[in-house]
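The values are calculated or read from the model by the stated rules, or taken from the named source; none is laboratory data. Keep in mind the model is a prediction, meaning the values are calculated, not measured. With ideal geometry, Cβ positions are generated from the backbone for all residues, glycine too; neighbour counts draw on all protein chains shown.
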Amino acid sequence: MTHHTTLRLGTRGSPLAMAQTHEVAAALMAANPVLRPNGAIEIVVIRTSGDRIQNKTLADQGGKGLFVKEIEEALEAGTIDAGVHSAKDLPTRLPHGMRIGCVLPRADPRDAFFARHDYALESLPAGSVVGTASPRRQALVLSVRPDLKVALLRGNVGTRLKKLEEGVVDATMLAVAGLDRLDEAWRIKTYLDPNVIVPAAGQGTIALEIRSHDTATATALESVNCATSATILNAERAVVGALNGSCNSPIAAWGRIQGGEFFMEALAARLDGSAIHRVRLAGSFAQALSIGHEAGRQLSEALPPNFFPDD
């Protein structure tokens, strides 16, 4: 922090990123009277490489870290105090000197399905084109419906829904949490079963990245940190980390508390959906992180050589 009453939040400029950052700011102001005066929280909009190039996959551009690269550079330069991220966009290995300083309570981690003429995934006509930029969504959709086609579809929520309406694609998928935060959840007609279309690690979670030794910012963020969501996020990230997953690796990890136990569903798939390896583990919540590591280890051992396209 620049001084004890100023906190600068760095964010992408998309509508969803801004909605998430305003959610963070509102939570911080509610919990910290010192941050309530005008100007106490400054929102710094940063355009990332991932925002600038929309006609290529993230893998072709160099990885999903392109959504956070310039924000991390601003952190390193000291021009912001915290970067606001969708946790699923954060690489599992953060740069030296950076760490996750705060995790807000997780929103709905599921995916929503949108199709022309209100088809469900199961009823889409054979040969229909599903638009997505997510290897995870591509692989899982094709595992359920190998008779469908998948085409690259990037952009923010509005852009993707417009392309669906224009017939560029026949169907697409969006994160429920993002639609909720944009007050667009009323559009949802179909929620995909998370046991089938397993969520991405960190989906629905907002994470704030800070400099490791910035104790002033860390202290300011403590009041809005959700320890439960942070533990679940760390467990899911442990799965991806164990697999050395890249942006082009169809990996899913979904941790949750149910009936007093912690459950982890994790999988790795071929991009064409032809093969999926799954692990389901359960234990006490105190074991969540070790369960995540174990799920990743079991998946790693189960995968044949060259399983992922960039191996």
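Residues in segment 133-162 that are of a type in the set (D, E, K, R), in a helix (DSSP H, G or I) and surrounded by 17 or more Cβ atoms within 10 Å (Cβ to Cβ): 136, 137, 160. What about residue 66, is it at pLDDT 95 or above, outside any strand (DSSP E or B) and within 23 Å of residue 241 (Cβ to Cβ)? The answer is no for residue 66.
Within segment 163-176, the set of residues being touching a residue at least 60 places away in the same chain (Cβ under 8 Å) and either part of a helix (DSSP H, G or I) or farther than 27 Å from residue 268 by Cβ (or both) comprises just one member, 176. Out of 127, 97, report the one residue that is in the same structural domain as residue 220 (by TED's automatic domain parsing), among the small types (Gly, Ala, Ser) and either over 27 Å from residue 25 (Cβ atoms) or over 13 Å from the mean Cα position of the chain (by Cα) (or both). On inspection, the qualifying residue turns out to be 97.
Using the structure shown, decide if residue 219 is surrounded by fewer than 24 Cβ atoms within 10 Å (Cβ to Cβ), in contact with a Pro (Cβ under 9 Å, 6 or more places away or on another chain) and of a type in the set (Val, Ile, Thr). Spelling it out, it is not the case that residue 219 is surrounded by fewer than 24 Cβ atoms within 10 Å (Cβ to Cβ), in contact with a Pro (Cβ under 9 Å, 6 or more places away or on another chain) and of a type in the set (Val, Ile, Thr). Regarding residue 130, is this residue in a loop (DSSP other than H, G, I, E, B), at pLDDT 95 or above and either of a type in the set (Asp, Glu) or in contact with a helix residue (DSSP H, G or I) (Cβ under 9 Å, 6 or more places away or on another chain) (or both)? In short, no. Screening segment 206-311 for strands (runs of 3 or more DSSP E) wholly inside it with 1 or more residues that are assigned by TED's automatic domain parsing to the domain that holds residue 90 and in contact with a Ser or Thr (Cβ under 6 Å, 6 or more places away or on another chain) returns the ranges 206-211.
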